[in-house]
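What follows is a single structure, written as structure tokens, with notes after it.
The values are calculated or read from the model by the stated rules, or taken from the named source; none is laboratory data. Predicted model, so just to flag it, every value in this text is computed and none were measured. Using ideal geometry, Cβ is built from the backbone for each residue, glycine included, and neighbour counts are taken over all protein chains shown. Note: accessible area is taken over every heavy atom of the protein model, side chains too, but ligands, DNA and RNA are not part of it. Shrake-Rupley method; radii C 1.70, N 1.55, O 1.52, S 1.80 Å.
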Amino acid sequence: MKNLIKKSLLFVAVLTALISNATNINNNVKVNVIGFKLIDLKLKNSDGDLTISVKDTRGEVLYTEKFEGNYFSKKYDLKTLPIGDYYFEIEGYTKISLMPFKVTSKGFQFNNEIESTYYKPTIRQEGDLVSVSKIILDKEDLEIYFYDKESNLLYKEIVNGTGSLGKTLNLKNLKPGNYSIVTKSAGKVFEQKVYKK
């Protein structure tokens with residue numbers, strides 16, 4: 001009986017140490033184990049309003065909530081999730097962070113070694129000039145599409161590389177009205193409206 005208790009305590013201590021070490025990769029996000037399939041997700045926010053979601057590997061949203069503020073703390077009971085792979089998606093104004101985890105018969109485990117952050121494109125308009133920029137950490141393509149209000153494609157360009165990629169579009173010769181810019185990279189698509197006076 002004493003050996004079983006010692007082994008159980010050792011297992012809990014090792015599991016807690018493994019998760020604590022893994023989740024300190026991002027100092028703004030911390031995960032604490034507080035019970036069997038029960039965790040406390042805490043984060044410091046400096047990226048505007050957040051959407052926090054739990055998704056499966058197919059990208060299906062299992063749970064989502066909005067958050068406004070600087071400090072977030074919430075307990076998640078993962079008992080209802082079947083065994084499998086999942087991830088937390090934390091989407092702010094400028095970036096999307098993914099925290100993968102696996103639900104097992106013995107509890108769950110986080111695999112923050114493959115945690116990824118996707119920086120959203122930034123689109124700014126000043127008069128007739130529209131700037132599209134994006135931070136790229138790994139070499140990838142940034143596809144830029146420019147449409148009129150009838151969804152006719154007026155311009156398309158693919159920019160690639162690493163670092164800060166961008167393009168400036170001049171709307172000077174266009175008719176007044178609404179237009180839209182669609183960007184695609186790393187499997188994510190964003191659309192933003194722009195206006196020509």
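Considering (1) open to solvent by less than 100 Å² (accessible area, probe 1.4 Å); (2) under 16 Å from Ser97 (Cα atoms), say which one Asp40 fails and leave the rest. The number of the failed condition is (2).
One residue stands out among those in the range 53-64 that are touching a residue at least 12 places away in the same chain (Cβ under 8 Å) and either polar (S, T, N, Q) or touching a Lys or Arg at 6+ places or on another chain (Cβ under 8 Å) (or both): the one that is most open to solvent (accessible area, probe 1.4 Å), which is Thr57. Return yes or no: is Phe101 more than 28 Å from Thr183 (Cβ to Cβ) and either touching a helix residue (DSSP H, G or I) at 6+ places or on another chain (Cβ under 8 Å) or part of a strand (DSSP E or B) (or both)? Against the criterion (more than 28 Å from Thr183 (Cβ to Cβ) and either touching a helix residue (DSSP H, G or I) at 6+ places or on another chain (Cβ under 8 Å) or part of a strand (DSSP E or B) (or both)), Phe101 qualifies. Residues in the range 141-165 that are open to solvent by 40 Å² or more (accessible area, probe 1.4 Å) and assigned to a strand (DSSP E or B): Asp141, Glu143, Tyr147, Leu153, Leu154, Tyr155, Lys156, Glu157, Ile158, Asn160, Thr162, Ser164. Give me the residue from the range 78-134 that is modelled with pLDDT under 85 and open to solvent by 60 Å² or more (accessible area, probe 1.4 Å) and, out of that set, nearest to the chain's Cα centre (by Cα). Checked the range 78-134; the qualifying residue nearest to the chain's Cα centre (by Cα) is Ile114.
Of the residues examined, Tyr71 is one that is among the aromatic types (Phe, Trp, Tyr) and either over 23 Å from the mean Cα position of the chain (by Cα) or at pLDDT 90 or above (or both).
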